[in-house]
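Trainee: For reference, the structure I am asking about is given below.
What follows is calculated from the coordinates using simple rules that are stated; it is not laboratory data. This structure is a prediction, so every number in the text was calculated from the model and none was measured. So basically every Cβ, Gly included, is an ideal-geometry build from the backbone, and we count neighbours across all protein chains shown.
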């Protein structure tokens with residue numbers, strides 16, 4: 001039996017016990033786990049140092065090394081994250097709705113854990129701690145497959161947390177870490193229907209695409225965000241500039257940052273010089289459509305590909321559109337159904353935009369940067385779903401649950 | 001461009017308009033479509049006659065021919081089904097919950113259509129009408145790929161319904177039927193991420209397995225039910241016999257029929273002779289474990305494979321278990337997470353069974369046969385989900401929707 005099958009079987013067996021573990025035990029475990037991370041800082045830093053040295057030797061980029069590197073502060077932040085999850089309400093056990101049928105059967109819809117959740121991620125050790133905390137609190141066993149470059153860091157964190165959880169009364173086997181980081185083992189994991197209930201890939205577009213294409217286990221697609229801001233002809237231009245600057249520059253490397261600015265033709269001559277000047281002050285490179293270039297000549301001409309691109313960088317594509325309908329068509333064609341915003345003072349246009357845009361989050365007069373489990377008030381986030389099945393938008397603890405119908409009868413048979 | 005890509009593109013384009021079509025238009029369309037089915041009975045029967053003749057010539061079984069064959073009554077039933085869907089409330093547009101954040105943003109969770117739903121099914125023409133009605137009412141475009149043996153019947157039904165829908169104001173292209181019933185075209189359909197939002201296979205275990213394994217589009221797994229009845233040592237034996245007989249024999253060919261009977265050892269000597277005599281009266285063949293055979297010798301010995309089998313026939317596997325915990329372990333190991341029942345008078349055992357059994361529907365003192373969208377009161381059913389993502393158990397109109405976050409701001413940017 002391969003490592004992945006063995007560990008998935010252990011996780012599945014543990015998941016049946018974990019489903020009914022009360023919140024008090026889960027919360028004590030999370031507190032102890034936070035404590036264990038801090039008291040094992042030296043061990044984690046030692047293993048992380050080896051990962052970092054190896055990554056440097058193999059010529060990884062600065063950004064990669066930065067995401068991989070841990071320090072005392074980052075370990076403390078992971079521990080704080082565990083405590084934050086501890087303080088959230090337990091999502092399990094709620095009876096969402098219950099009704100009585102004419103034959104006297106009572107049917108209740110109850111929130112229960114999913115079972116075993118597989119997480120496939122890249123070389124970010126903090127994901128290890130996050131995912132373990134969220135799966136545990138939602139009553140799910142977890143099997144983690146992290147990037148090969150972080151395997152020592154991830155294993156140390158996972159081992160420390162699994163031991164602390166077990167000592168606090170969490171069923172043994174609930175937290176599984178795959179040491180085999182080969183491509184073959186990942187492929188095997190993606191096809192373990194019956195042992196793994198859902199897979200959540202966390203990472204770049206390439207990772208997510210591979211998992212979507214290769215997995216037979218149900219997958220939640222996360223992350224890619226080609227987000228737009230549409231500035232309508234009727235709007236508060238100062239507000240529009242604030243929101244465009246915030247959505248593009250406050251943290252350009254994340255999925256809810258804006259990538260394309262659409263400006264109503266009615267406003268373009270007045271607004272474009274202002275907004276582009278502000279963008280350039282912030283170091284943003286502008287790629288414009290022909291109409292944009294006619295108004296603000298010193299921009300780079302945009303190509304068809306630009307409209308599809310999630311830059312994740314200080315670059316923005318700018319297009320002049322002929323009113324609301326063209327803005328909506330553009331977004332529904334080129335967007336990735338993540339977060340879209342309209343800036344307008346017109347009630348009917350605001351309503352129409354929210355109605356017709358097909359995306360997880362549709363904003364009126366606010367920055368797209370708010371699409372986030374913490375900003376939505378969920379208190380935690382395992383990712384942002386850009387698909388329409390199961391969960392859409394930020395996923396917190398509730399999105400790591402499923403439902404079960406519990407039916408109470410007194411001898412009913414079907415006629 | 002292949003037929004499937006062309007039709008999927010048309011469906012996707014139509015889906016954006018269909019999302020905002022009001023209930024009044026959808027309901028008028030459904031009424032007209034019901035009418036059109038009835039007034040085109042002759043045309044449908046003509047096409048169906050050719051399908052049936054072809055199926056007979058190629059030596060299909062009687063059960064197959066029965067499922068394929070239409071008559072006036074069956075067409076009238078399809079039309080009645082359309083009218084029943086017309087009378088259901090529109091699931092679209094409900095704001096499920098809405099809250100205000102400390103920064104003043106108001107975040108609403110709104111129920112919206114999924115977009116384009118692909119239905120892959122076998123040679124049952126009534127599925128064509130059902131699926132079209134449910135997708136239309138829930139605001140989704142649909143692309144249908146039915147079994148090759150019913151292609152003429154399905155095409156006639158689909159053409160008639162699409163025309164009536166269009167004339168009533170439904171966007172053209174909302175209802176698509178694949179005339180190319182080759183395996184290659186089905187494979188292509190299953191991998192059209194971006195055009196098809198979800199796939200629902202309806203049919204036998206083989207069809208569902210193929211779709212689960214081959215699709216990259218998100219799939220809802222439906223249908224397979226290896227359902228159990230556990231008769232506890234403390235129970236009303238008359239009720240237990242009624243429920244076992246109902247769950248096994250009232251309609252043995254469906255997924256919510258019982259396949260295995262588990263009997264508590266404490267009761268086995270008294271109960272097994274009674275229940276097996278009743279089962280045999282109904283023509284049920286019994287396959288027993290060694291302990292069952294020791295009590296009722298004239299049964300067939302059950303093999304390990306029997307515990308895994310969904311017979312869909314007048315056959316039942318019977319096993320003596322040593323109490324509740326062994327019953328739960330058996331069900332969680334061999335079951336398909338569909339519908340499971342305990343017959344008991346003991347409050348604590350009832351609670352424990354509902355808590356620990358991992359299935360879509362967990363019954364106390366009622367027949368498993370109630371797992372059904374109509375019996376649950378949903379008024380319609382597109383299938384029964386046995387997976388944990390998105391929907392679990394009977395799927396009605398709500399399960400054909402997703403959510404969208406609508407966010408109302410007044411200039412908020414992220415700090």
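Trainee: If you fit an axis through the alpha-carbon atoms of helix A:265-281 and take the longest principal axis of the Cα set of chain A, what angle between them do you get, 0 to 90°, nearest 10?
Mentor: 70
Trainee: Also: Starting from the Cα gyration tensor of the range A:1-91, multiply each eigenvalue by 5, take the square root, and state the resulting semi-axes largest first in whole Å.
Mentor: Square roots of five times the eigenvalues give 30, 21, 11 Å.
Trainee: Just order A:88-97, A:53-62 by mean Cβ neighbour count inside 10 Å, highest at the front, would you?
Mentor: A:88-97, A:53-62
Trainee: Please pull out the direction-averaged projected area of the range A:335-415, using the convex hull of its alpha-carbon atoms, in nm² to one decimal place.
Mentor: The directionally averaged projection comes out at 9.2 nm².
Trainee: Tell me, what is the percent relative contact order of chain A, built from C-alpha pairs under 8 Å that lie six or more residues apart?
Mentor: Normalised by residue count, the contact order of chain A is 18 percent.
Trainee: Calculate, for residue A:329 and residue A:179, the FRET efficiency according to 1/(1 + (r/R0)^6) with r their C-beta to C-beta distance and R0 45 Å; round to the nearest 0.05.
Mentor: 0.35
Trainee: Cα-based Rg of the range A:13-161 per 2.2 N^0.38 Å, rounded to two decimals?
Mentor: Output field value: 1.28.
Trainee: Need one value for B:101-109: mean number of C-beta atoms belonging to other chains within 10 Å of its residues' C-beta atoms.
Mentor: Mean number of neighbouring Cβ atoms from other chains: 4.
Trainee: Another question, then. Find how many whole Å separate the alpha carbon centroid of the range A:153-197 from the alpha carbon centroid of the range B:221-248.
Mentor: 37
Trainee: Starting from the Cα of residue A:355, step 7 Å toward the Cβ, then list every residue of the range B:14-57 with an amide N under 18 Å from that point.
Mentor: Label zone hits: B:14-28.
Trainee: Follow-up. Take residue B:237 and residue A:41, extend 7 Å from each Cα along the Cα→Cβ direction, and tell me the distance between the two endpoints in nm.
Mentor: Distance between label points: 6.9 nm.
Trainee: Per-residue counts of other Cβ atoms within 10 Å, averaged by peptide: what ranking do you get for A:336-348, B:6-18, highest first?
Mentor: Packing proxy ranking, top to bottom: A:336-348, B:6-18.
Trainee: So, one more: Over 26 Å, how big is the tail of the calculated P(r) for chain A, in percent of all Cα pairs?
Mentor: Result for the distance tail: 60 percent.
Trainee: I've got another one for you. Is it possible to state the helix-based mean residue ellipticity at 222 nm for the protein assembly as shown, with each DSSP H run of 4+ residues giving -39500 (n - 2.57), the sum divided by total residues, to the nearest 500 deg cm²/dmol? What is it?
Mentor: Value at 222 nm, helices only, nearest 500: -13500 deg cm²/dmol.
Trainee: Then there's this: At residue B:93, label 7 Å along Cα→Cβ: distances to the other copies, nm, ascending?
Mentor: 4.0
Trainee: In B, who owns the beta-carbon nearest the axis carrying B over to A, and how many Å from it?
Mentor: Taking the axis that maps B onto A, the answer comes out as B:390, 2.
Trainee: What distance in nm lies between label points placed 7 Å from Cα along the C-beta direction at residue B:374 and residue A:298?
Mentor: Inter-label distance under the simple model: 7.3 nm.
Trainee: List the pair-distance distribution P(r) of the range B:146-295, using every Cα-Cα distance, as the percent of pairs falling in each 10 Å bin from 0 up to the bin containing the longest distance, rounded to whole percents.
Mentor: Result, from short to long distances: 9, 26, 21, 16, 16, 10, 1 percent.
Trainee: Express in whole angstrom the spacing between the alpha-carbon centres of the range B:7-76 and the range A:1-61.
Mentor: The two parts, judged by their Cα centres, are 53 Å apart.
Trainee: Note the angle between two axes, namely the Cα long axis of helix A:151-167 and the longest principal axis of the Cα atoms of chain A, as a number of degrees from 0 to 90, rounded to the nearest 10.
Mentor: On a 0 to 90 degree scale, this one is about 50.
Trainee: So what is log10(I(q)/I(0)) for the protein assembly as shown at q = 0.08, 0.10 1/Å, when the Debye sum runs over its Cα atoms only?
Mentor: The calculated log intensity ratios at q = 0.08, 0.10 Å⁻¹ are -0.76, -1.15.
Trainee: Please list log₁₀ I(q)/I(0) at q = 0.13, 0.28, 0.32 Å⁻¹ for the range A:266-312, using the Debye equation with identical point scatterers on the alpha-carbon positions.
Mentor: For the range A:266-312 at q = 0.13, 0.28, 0.32 Å⁻¹, log10 I(q)/I(0) is -0.29, -1.13, -1.21.
Trainee: Hey, how many Å between the Cα centroid of the range B:84-106 and the Cα centroid of the range B:344-415?
Mentor: Cα centres, the range B:84-106 to the range B:344-415: 18 Å.
Trainee: What is the average number of partner chain Cβ atoms found within 10 Å of a Cβ in B:208-217?
Mentor: 2
Trainee: Hey, what does the equivalent ellipsoid look like for the range B:118-184, semi-axes from the Cα gyration tensor as sqrt of 5 times each eigenvalue, largest first, whole Å?
Mentor: With the √(5λ) rule applied to the range B:118-184, the semi-axes are 20, 11, 11 Å.
Trainee: To the nearest whole number, what is the average tally of beta carbon atoms from other chains within 10 Å of the beta carbons of peptide A:353-361?
Mentor: Mean shielding by partner chains, rounded to a whole number: 5.
Trainee: Based on the Cα gyration tensor of the range A:227-370, what are the three equivalent ellipsoid semi-axes, each the root of five times an eigenvalue, rounded to whole Å and given largest first?
Mentor: Square roots of five times the eigenvalues give 19, 17, 15 Å.
Trainee: OK, next. How high is the relative contact order of the range A:61-160, given as a whole-number percent (alpha carbon pairs under 8 Å, six or more residues apart)?
Mentor: After rounding, I find 27 percent.
Trainee: If you don't mind, there's one more thing I want to ask. In percent, what relative contact order does the range B:227-370 have, based on Cα pairs under 8 Å that are 6 or more apart in sequence?
Mentor: Relative contact order of the range B:227-370: 34 percent.
Trainee: Can you list, shortest first and in nm, the gaps between the label point of residue A:398 and those of its counterparts in the other copies, using a point 7 Å from Cα in the C-beta direction?
Mentor: Copy-to-copy label distances at residue A:398, shortest first: 1.3 nm.
Trainee: Inter-copy label distances at residue B:2, 7 Å along the Cα→beta-carbon direction, one decimal in nm, shortest first?
Mentor: 2.8
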